[in-house]
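Trainee: Pasting a structure below so you can have a look.
The values are calculated or read from the model by the stated rules, or taken from the named source; none is laboratory data. Just so you know, these numbers come straight off a predicted model, no measurement behind them. All Cβ positions, glycine included, derive from the backbone under ideal geometry; neighbour counts span all protein chains shown. Just so you know, the surface numbers come from the protein's heavy atoms only, side chains and all, with ligands and any DNA or RNA stripped out. Shrake-Rupley method; radii C 1.70, N 1.55, O 1.52, S 1.80 Å.
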Amino acid sequence: MNEARSGSGASAPTVLRMILGRRLQERRQNAGASLEDAATALRVKTLTIRRLEKAEVALKPLYVEKLLETYGADRQEIDEFVALAEQANEPGWWHAYRDVLPTWFSAYVSLESGAKTLRTYEPHYVTGLLQTWGYARGVLRGGFPNESEEDLRRRVDLRLRRQSLLTRADAPTLWVVMEEAVLHRVVSGPEVMREQIDKLLEVSELEHVSLDIVPFTAGAHVGACAPFTYFRFEEPELPDVVYSEILSASMYLDQRSDVSAHLEAHNRMSLLTSSADSRALLTRMRKEYS
């Protein structure tokens, strides 16, 4: 993956498409076929095969069928794989928001929707999965000062719809580490901040959600950097992925050294506080906004 933010172009892959791309690669390698062999079978360039295996393009059923035949797959495996490929090519629910959702971030929503474990570090704002409507609107208005009211509303709706993954039957584990500075940055006034803190106190009671707030007294620490999110998946075909961003760029990292560095930073930051201390800090800050 290891890609910087990109502009418009092909739609971002769903997690299922990523999985099938990896399976195609493994099937080719197990069959002892080279990229050139696969390209010859389809009468395409080797770049096309690479892009299929990396889920950078849609999995055309005819291509998938021909490749699997080349790799010696039986009819049942081919039919099952083609059916999954057709399913993988269906746009995710977030496709309906493509007018306000850039391609580079639709990949994030796909990863978020398919992850079994999410770890996030936020030094500036409450993480999107835990924001209230009023807080989300304030943050997005700050980020898009010239946005029309209608487009801003759709951005907020998209952000809140993403939160449904926390209440579904197979909800992922979410572990959030935030800086105390987040609670002091007043977004849309005291009333909105009280509402937001109430929500944080509420979700911190959920078994699959952990919320740690690093206090100012922790001083300098390893994670005092850009926000990032770590994704882990149940499917063995998918590697752990880290998403990080700065003002003008974002990155999807899956190299083991990069992922390990972020995971270690998250672990170290979580040791700087406790759930009880974090709840006490939230309760104290709520009183300040009363």
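Trainee: Quick check on this structure: which one of Val214, Val209, Val203 is within 24 Å of Tyr252 (Cα to Cα), touching a strand residue (DSSP E or B) at 6+ places or on another chain (Cβ under 7 Å) and open to solvent by less than 20 Å² (accessible area, probe 1.4 Å)? Spell out the reasoning first.
Mentor: Values: Val214 fails: within 24 Å of Tyr252 (Cα to Cα); Val203 fails: within 24 Å of Tyr252 (Cα to Cα).
Answer to the check: Val209.
Trainee: Still on this model: Read through the list (1) closer than 20 Å to Ser275 by Cα; (2) in contact with a Pro (Cβ under 8 Å, 6 or more places away or on another chain); (3) at pLDDT below 90, then give the number of the only condition that Ala218 fails.
Mentor: Result: Ala218 passes all but (2).
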